[in-house]
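Every number here is computed from the coordinates shown, using simple stated rules; none is lab data. Source: prediction; values computed, not measured. Here the Cβ positions follow ideal geometry from the backbone for every residue, glycine too, while neighbour counts run over all protein chains shown.
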Amino acid sequence: MFEQIFKNVDDILWKDAGCGSELDYVEQTSWVLFLKYLDDLEKEKKVGAELAGKTYESVIAPEFQWSIWAVPKDKDGKLDHHKAMTGDDLVDFVNQKLFPYLKKFKLESESADTIQYKIGEIFSELKNRIQSGYNLREVINLIDELKFGTSAEKHEMSHLYEAKIQNMGNAGRNGGEYYTPRPLIKTIVKIVKPEIGNKIYDGAVGSAGFLCEAFNYLNHPNLSTVEDEILQKKTFYGKEKKSLAYIIGIMNMIFHGISSPNIIHTNTLAENITDIQEKDRYDVVLANPPFGGKERVEVQQNFPIKTSETAFLFLQHFIKILKAGGRAGVVIKNTFLSNTDNASVSLRRHLLENCNLHTILDMPQGTFLGAGVKTVVLFFEKGSATRKVFYYQLNLDRNLGKTNPLSEKDLEEFVQLQKEFKDSDNSWSVNVGDIDQTTFDLSVKNPNKKEEAPLREPSEILDEIASLDAESAEILKEIKELL
C-alpha cells in the first residue's frame, strides 16, 4: 500500500506546473510527509502521557495541526469536505500562514537539538512548489492514508524513502551526490565497527545514509534506556551545505528512528581546520564527500594543503577532526591514489604519516550510477603511521548498472578476508617502505591478476601485416634466387 501511495503522489506531482523533476517530487513529498509524521508522533506522545497520568502539550498550535487544516474529519472519520480547504484557498493558507508559522520555530527554540528547531530549519529551507491547490489536496489525502504507528510501518516508510532518494540519485545529473549504494555503506560500517558511546560524524552528510546505517547497526532490541538515550542524542552528527540534501538527510534520519538529528546546515569546508579543538573531535568518521567539486581560493585558505578539489579538502578535514585512535571509512575517487600534483602527493604523505591506512577497497566502474568515476574506500585509524596497506579489488563477473546494482553478497569475500588481511586472487598487502618515497603512489596494482594483452589500434595491426608481407616477399625472393 505504501509503495502505491508514493507512486500515485509522484503521478500527481508530474502533472503540476511547479514540479519539474525527481528532485522536486522528493522535496514536495517530504514536507507533506513530515507534517503527517509529526501529527502521528504527537498523538503517540499524547497517549503515552495520558497512560502515565500526565498532560501532553502539543508542539504545534491547534489551527496548524494536520487534523485541523489538512484533513478535518467528520464524525464517521471521513474527510469533511465542507471544512477541508482546496484550490487557491489551500495554497494561500500553506504559503502565507502555515510555512511562515513553522519557520518561526527556529528562532523560538531553546536549543538546536530539539524537534522544534528542526521543524523551523526544515521550513526555512524549502517552499511549497505545488502550484495547483487541487493537486495539493490530492497529495494530502493520499499521504493521510500512511500510518507511522508501529515499528514495522516506520521500517517500511524508511525503506520507501530510501528508494525515493535512490531514484533521485539515478535521475542523472546528481549521481553519487545524494545516494551512496546501501550495500557499500553497510560494508563500510561493518569494517569500521562503531560502538555505542562513539560519536559518529559525516561532514558531507547528503541524505544521511551513513548515519542511518550506523544507527541500524547499533540499534538492537536489548538496548538499555541509557543506551537508547545516547543513540538518540549523543551519537550521530553531520553537516550539509545544500538545502535540499540537508532536508532529505533530516527526514531520512527521522524516518529511521532518530527523532532529533544533530545535523547542521553549513559549509563544512568554510571552517578553518586549525580552529578544531579536542572537544570538537569524533570517534568515527563515515563519509562520501562530493566527487569533482571545485572550491574557491578563500575556502582553500582554511587548509594546510591547498587544492581546489573538494574531496581532498574534506579528507584533510576528516583527518583533523578524528580523535586519536579514531576510525574512518571514506569513499574517494581512485585518482587520489596516483595523482602526481603537489597537493595529492602531500596529502597521501600526510595520511600515511598521521594515520594507519590499513585497508583500501577498490570498487568497479558503475558502482555510483551516473557519476562516471571509479572510486576506492580508504579505511584508516588516526594516531600511528601506516606500515602496511591491505588492498582488495572487487572483481565482478558482470557490469554494474541500474539493472545490475551492487549487492552485499558482492562484498562478502572482502569482509571475510579483511578481518585477518588475508591474501587471495583479489587481495594483497603492500609494505609502505616498498612504495616510492617521493610520490607516495598508492595505485591499485593487483599482483595476482594476469595482465591481459592490450587491444591495439587497427592502423598498428595493418602496419604489422604489411611488414610481415614485405618480409615474406623478401624470403620468397631469396628462395627463388637459390633455385
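Report the paramagnetic label zone for Glu195: residues of the stretch 328-360 whose backbone N is under 15 Å from a point 7 Å from Cα along the Cα-to-Cβ axis.
Output list for this probe position: 328.
Whose amide H sits under 5 Å from the amide H of Tyr282, counting only residues 5 or more places off or on another chain, with H placed in the peptide plane?
Leu322, Lys323
Please state the charge dipole magnitude for the chain, taken about the Cα centre, from unit charges on C-beta atoms (+1 on K and R, -1 on D and E), reported in debye and rounded to the nearest 20.
Taking the Cα centre of the chain as origin, the dipole is about 1300 debye.
Could you list Lys103, Lys239 so that the one with the fewest beta carbons within 10 Å of its beta carbon is first and the one with the most is last?
Neighbour counts put them in this order, fewest first: Lys103, Lys239.
What residues have an amide H closer than 5 Å to that of Gly18, excluding those fewer than 5 places away on the same chain, when H is modeled at 1.01 Å from N in the peptide plane?
The answer is Gln131, Ser132.
Tell me which aspartates and glutamates have Cα within less than 17 Å of Lys241's Cα, excluding those fewer than 8 residues away on the same chain?
Leaving aside aspartates and glutamates fewer than 8 places away in the same chain, those within reach of Lys241 are Glu27, Glu121, Glu125, Glu177, Asp202, Glu271, Glu295, Glu298, Glu309.
Around Ile264, which amide H atoms from residues at least 5 apart in sequence, or from another chain, sit under 5 Å from its own amide H, with H modelled in the peptide plane?
Gly238, Lys239, Glu240
Check every DSSP H run in the chain and write down those whose alpha carbon atoms cover 30 angstrom or more along the long axis and whose mean Kyte-Doolittle hydropathy is -1.0 or greater.
22-51, 458-482
Taking just the alpha-carbon atoms of the stretch 172-434, what radius of gyration and Dmax come out, in angstrom?
Expressed in Å, the Cα Rg and Dmax of the stretch 172-434 come to 17.6, 52.
Quick one: the Cα spread of the stretch 1-71 along its three principal axes, in angstroms, biggest first?
In descending order, the Cα extents are 49, 26, 19 Å.
To two decimal places, what compactness ratio does the stretch 2-149 give when its Cα radius of gyration is scaled by 2.2 N^0.38 Å?
It is 1.07.
Evaluate the distance, in nm, between pseudo-label points positioned 7 Å from the Cα of Asn404 and of Ser443 along their respective Cα→Cβ axes.
2.6 nm
Taking the inverse of the average 1/r across all pairs of different Cα atoms in the chain, what Kirkwood radius in Å do you get?
The answer is 25.3 Å.
Which lysines, if any, have their Cα less than 19 Å from the Cα of Lys279, not counting same-chain residues under 8 positions apart?
Cross-link targets: Lys199, Lys233, Lys234, Lys239, Lys320, Lys323, Lys382.
If packing is taken as the average number of other Cβ atoms within 10 Å across a peptide's residues, how do 281-288, 432-439 rank, most packed first? The partial results should precede the final answer.
On the way: 281-288: 23.6, 432-439: 11.4.
Ranking, from highest mean packing down: 281-288, 432-439.
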